[in-house]
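Derivation of every value follows stated rules applied to the coordinates shown; laboratory data play no part. Since this is a predicted model, take the numbers as computed values, not measurements. Note that we place each Cβ from the backbone using ideal geometry, even for glycine, and neighbour counts take in every protein chain shown.
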Ligand code: PAF
């Protein structure tokens, strides 16, 4: 049975007691509308910790569009059932007033990692994410916190923020869960109509094709981008980029470890996905 905890003070009290009893705590921050990807995070957390806390909070400060915030699916009853099935002990589901009782004046920001990819098109988004995750980490003080690799830029920002601010937590990345046709599972998938759902698979297809091009020896980013361009016919492409996995800055040639990431729009729904590829050495062939 998962216990619903709406207040910070109550969560702190429950977790203090667990800590005093020597229990390890794993935190799974979410915005609800839970799906198989979240379930995977919870299962990994369940296997690695004595106490698992999931948080469900649609964080207003990370939405750059009011309509996106309003449309975000709210499914607390089903979410509680999924948490219970996944063995979550406590579900922290605060109100916006509980998390932001007064206008937020202190912010956490990692601008160096948010110039490209989603950061370029969503001003303020990662500042909102970094700030709310810092608040959640300070409230729950878990030994480990779990985030999906589907949100690769978010994961990189949170890792760096925790390291730079000396927050004593192990940030654990959990691999993306996919539908049978490759579509990365996301809360926003449920906003797609049937036709958009069909189109949605083009993003993962383009990512896998780009990865295969690299594994087959292609090193020119321009050529890889041209090779996958046809996947986006009839789809609004926000970006399809290849960046260094550490700095998240675009590369021209593939070397070491790279993140291939894309964002597309289907109607008013925005989907993101990524894959990581590592190559041992760099090809010496000139870029033509
Ligand atoms: O990935 C999400 O669901 C959110 O960005 C997070 C990490 C819960 C912060 O609100």
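A few remarks follow.
- Three-way shape label, region 91-141, alpha-carbon gyration tensor, a/c 1.5: prolate
- Using bins of 5 Å that start at zero, the share of Cα-Cα pairs per bin across region 108-220 amounts to 2, 10, 16, 17, 17, 16, 12, 7, 2, 0, in whole %.
- What the Cα convex hull of region 204-277 gives, in volume per residue, is 77 Å³.
- Each helix, a run of at least 4 DSSP H residues, gives -39500 (n - 2.57); summed and divided by the residues of the chain, these come to -11500 deg cm²/dmol at 222 nm.
- Region 238-280: proportion of alpha-carbon pairs further apart than 12 angstrom, %: 59
- Seen against the Cα atoms of the chain and their longest principal axis, helix 8-20 is set at about 90 degrees.
- Residue of 130, 216, 229 that the Gaussian network model of the chain assigns the largest fluctuation, springs spanning Cα pairs under 10 Å: 216
- Span per principal axis, largest first, for the Cα atoms of region 1-160 (Å): 43, 29, 29
- Kirkwood hydrodynamic radius of the chain, from inverse mean 1/r over distinct Cα pairs, in Å: 20.0
- Relative to the longest principal axis of the Cα atoms of the chain, helix 76-85 runs at roughly 90 degrees.
- Region 68-202: relative contact order in percent, alpha carbon pairs under 8 Å with at least 6 residues between: 19
- Among 227, 93, 45: highest mean-square fluctuation, GNM of the chain, C-alpha pairs under 10 Å: 227
- Ranked 174, 235, criterion: other C-beta atoms within 10 Å, fewest first: 235, 174
- Cα gyration tensor shape for region 150-288, rounded if a/c is under 1.5, else prolate or oblate: oblate
- Cα Rg over Rh - region 40-125, Kirkwood: 1.02
- Measuring between their Cα centroids, region 32-55 and region 176-224 lie 25 Å from each other.
- Per-residue Cβ neighbour rank within 10 angstrom, fewest leading, 187, 226, 2: 226, 187, 2
- Principal-axis analysis of the Cα atoms of the chain puts helix 36-48 at an angle of about 60° to the longest axis.
- Histogrammed with a bin width of 10 Å, the alpha carbon distances of region 1-62 distribute as 20, 50, 27, 3 percent, first bin at zero.
- Per-residue Cβ neighbour counts within 10 Å put 67, 244 in the sequence 67, 244, beginning with the fewest.
- Between residue 9 and residue 66, the contour length at 0.36 nm per residue exceeds the Cα-Cα span by 17.6 nm.
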